[in-house]
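In what follows, a structure is listed as structure tokens, so that the remarks can point back to it.
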């Protein structure tokens, strides 16, 4: 399967995207390559991506999907930039824009940035610098401009902020710079061919043809985990982990946090998880009973949860099964309600995020649920795998809107 992240460089209706075996997706953003539909042996064609209105696709996400045996081709827009940056690791770049990035002729996101139509239409509303530069080069070949005038006009057009560099703005700048002949010539070329000078489109079509021709499957690079396995990447992959349970798609991380907060038996479950890790270390080292490892680490004066704070990798199915062993159907329904309440808070209160939840509100939730005095709060948080009180408070903030809504609706909320 070939997964093409595109728009606005090519519209979804482009005939070239109707080929068998192509899966056409919106511009890529942070988290999209964790999609479980992208499997080993597949090809990703990265053309467009967002970065202004949502977090951009990270380099290590691309390296990680390549590490799963997926070929990645980049071209035309953010794909060309990422391919130039990751070519040493095996990402394949194609097209003139990629070549310009790779050679150092151009650099920076602003070269390919365009304003996009809202509401998922993804049409380009403005001209990117690479296209402006290309039509100026074509104008020189046609004898409309000389090099000095073209360079002067390029600087004037680059000075226009990218969401405002519309066709009307291009014409206005040309008139203001005393270049009506160029503006008229360009308008006539565009009337004959609406794709005239669209270098991004040409490169995108080249990338799609390359993928259909199997370019990414030849000499496919193997990227080893140390290149991309970092604490940041694990955090991203955990946030992206989802599973359809009981007919509802739920965040695995939300389910885990819910159990850490509400399951009265989670202390025992975390202890069992530490025992499993001790006997089967993730780094492949020698296994030891947890008590023996604890004695070696510090004499055994502290409980294991106060000494060992291993990160949880939600890609580990056995670990997830162990940690969620106490989860009930009622718990999963509650997770869905709490997620809906958090999403509603974000929609109804512009700028709202979990960071906006006051620490004391999340702390009060945990103290009420755990029924422990504040002096024992740190011990309880550690025993539940939340490391410390501060991290427990941060984790619980995602539950606050749902907890408060449930309390207001019923007069009570579940406690552990």
- request: Restrict the check to segment 44-59 and report whether at least one residue is touching a residue at least 40 places away in the same chain (Cβ under 8 Å) and more than 29 Å from residue 132 (Cβ to Cβ).
  value: no
- line: Scanning segment 314-329 residue by residue, those closer than 18 Å to residue 36 by Cα and surrounded by 15 or more Cβ atoms within 10 Å (Cβ to Cβ) turn out to be 314, 320
- prompt: Which condition does residue 45 not pass, out of (1) within 20 Å of residue 112 (Cβ to Cβ); (2) in contact with a helix residue (DSSP H, G or I) (Cβ under 9 Å, 6 or more places away or on another chain); (3) at pLDDT below 95, if it passes all the others?
  reply: (3)
field: Meets criteria (assigned by TED's automatic domain parsing to the domain that holds residue 370, modelled with pLDDT of 90 or more and farther than 30 Å from residue 341 by Cβ) for residue 274
entry: yes
task: Name the single residue, out of those in segment 57-89 being closer than 20 Å to residue 107 by Cβ and either assigned to a loop (DSSP other than H, G, I, E, B) or not assigned by TED's automatic domain parsing to the domain that holds residue 210 (or both), that is nearest to the chain's Cα centre (by Cα).
output: 57
- prompt: For residue 151, all conditions in the list (1) at pLDDT 90 or above; (2) under 29 Å from residue 24 (Cα atoms); (3) not assigned by TED's automatic domain parsing to the domain that holds residue 80 hold save one; what is the number of the exception?
  reply: (2)
field: Checking residue 70 against (1) farther than 29 Å from residue 244 by Cβ; (2) surrounded by 16 or more Cβ atoms within 10 Å (Cβ to Cβ); (3) out of contact with any helix residue (DSSP H, G or I) (no Cβ under 7 Å at 6 or more places or on another chain), the condition it does not meet
entry: (1)
- prompt: Looking at segment 97-109, which of its residues are touching a residue at least 40 places away in the same chain (Cβ under 8 Å) and touching a helix residue (DSSP H, G or I) at 6+ places or on another chain (Cβ under 6 Å)?
  reply: 97, 98
message: For the structure I just gave you, tell me whether residue 255 is modelled with pLDDT of 90 or more, closer than 28 Å to residue 400 by Cβ and touching a strand residue (DSSP E or B) at 6+ places or on another chain (Cβ under 9 Å).
response: yes
statement: Across (1) under 26 Å from residue 154 (Cα atoms); (2) surrounded by 16 or more Cβ atoms within 10 Å (Cβ to Cβ); (3) more than 17 Å from the chain's Cα centre (by Cα), residue 110 clears everything bar (2)
query: Among helices (runs of 4 or more DSSP H) lying entirely in segment 339-416, which contain 2 or more residues that are over 21 Å from residue 323 (Cβ atoms), in contact with a strand residue (DSSP E or B) (Cβ under 6 Å, 6 or more places away or on another chain) and assigned by TED's automatic domain parsing to the domain that holds residue 327?
result: none
message: On the basis of being without any contact (Cβ under 8 Å) to a residue 40 or more places away in the chain and under 15 Å from residue 46 (Cα atoms), does residue 81 make the cut?
response: yes
message: Residues that are free of Cβ contacts under 8 Å to residues at least 24 places away in the same chain and surrounded by fewer than 18 Cβ atoms within 10 Å (Cβ to Cβ): list the helices (runs of 4 or more DSSP H) wholly contained in segment 180-293 that include at least 2 such residues.
response: 180-192, 266-279
- line: Note on segment 347-363: residues exposed (fewer than 14 other Cβ atoms within 10 Å of the Cβ), at negative phi and without any contact (Cβ under 8 Å) to a residue 24 or more places away in the chain are 347, 348, 349, 350, 353, 356, 358, 360
query: So how many residues does segment 309-334 have that are part of a helix (DSSP H, G or I) and closer than 24 Å to residue 388 by Cβ?
result: 4
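The values are calculated or read from the model by the stated rules, or taken from the named source; none is laboratory data. What you see is a predicted model; the values in this text were computed from it and never measured. Cβ coordinates were reconstructed from backbone atoms using ideal geometry, including for glycine residues, and neighbour counts include every protein chain displayed.
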